[in-house]
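Report on the structure given below.
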Amino acid sequence: MPVVATPFTEMSPAVSPDGRWLAYVSNETGEDAIYVVPFPNTSAGKWAISTGVGTEPLWSHRGNELFYRDGSGNLVVVEVNTNPRFSLDRSAALFSAAGFTSFRFTPSMRWPQTTSAS
């Protein structure tokens, strides 16, 4: 079942620890960028997280930070508020991760349908 279904490529889904938010990569601007939507009602809002290219979103264990790799290969952290509404706070490049392996092409958000054997 598609979670975010648009004409663009969506990949690298990451659900927040509280299960209320979904971070993902989309190429809707012509380059990969990070977005967050409410989950499971993904059409109820949308926030751009990365400024420019962004890949590999990952939530902190507490869910108050979102990490991603920017176009230069830096590991970036964005502080987020999720209660009562989603909002962004400051962001900062933590360090260069350009020398580390990238998992840029992680599974898309269109999971295969399962079928039962007869």
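Would you please classify the overall shape of the range 7-108 from the alpha carbon gyration tensor, given that a ≥ b ≥ c denote the square roots of the eigenvalues, rounded means a/c under 1.5, and beyond that prolate means a/b larger than b/c while oblate covers the rest? Numbers along the way, then the final one.
Numbers: a/c = 1.69, a/b = 1.22, b/c = 1.39.
Since a/c reaches 1.5 but b/c is at least a/b, the shape of the range 7-108 is classed as oblate.
Of all the accessible heavy-atom surface of the range 1-102, with the other protein chains kept in place and a 1.4 Å probe, what percent is carbon and sulfur? Intermediate values should be presented prior to the final figure.
Values: 2880 of 5440 Å².
Here carbon and sulfur together make up 53 percent of the probe-accessible area.
Which residues' amide hydrogens lie under 5 Å from the amide hydrogen of ALA97, considering only partners 5 or more residues apart or on another chain, with H built in the peptide plane?
Those lying under 5 Å, H to H, from ALA97 are ASN74, LEU75.
Please report the net charge: other residues with Cβ closer than 13 Å to the Cβ of SER16, K and R +1, D and E -1. Please list the in-between numbers first.
Values: positive: ARG20, ARG62; negative: ASP18, GLU65.
Counting the neighbours of SER16, the net charge comes to 0.
Run through the range 14-108 and list the trypsin sites (Lys or Arg not before Pro) located in a DSSP loop whose Cβ has at most 15 other Cβ atoms within 10 Å. Could you put the intermediate results ahead of the total?
Working: sites: ARG20, LYS46, ARG62, ARG69, ARG85, ARG90, ARG104; in loops: ARG20, LYS46, ARG62, ARG85, ARG104.
Listed in order of number, the matching sites are ARG20, LYS46, ARG62, ARG85, ARG104.
Summing Lys, Arg as +1 and Asp, Glu as -1, what charge do residues with Cβ under 14 Å from the Cβ of ASN81 carry, ASN81 excluded? Spell out each step's value before the answer.
Working: positive: ARG20, ARG62, ARG85, ARG90; negative: ASP18, GLU65, GLU79, ASP89.
Every neighbour counted, the sum reads 0.
The values are calculated or read from the model by the stated rules, or taken from the named source; none is laboratory data. If you're wondering where the values come from, they're calculated on a predicted model, not measured in any experiment. In this analysis, Cβ positions are derived from the backbone assuming ideal geometry, glycine residues included, and neighbour counts consider all displayed protein chains. All accessible areas refer to the heavy atoms of the entire protein, side chains included, with ligands and DNA or RNA removed. Shrake-Rupley method; radii C 1.70, N 1.55, O 1.52, S 1.80 Å.
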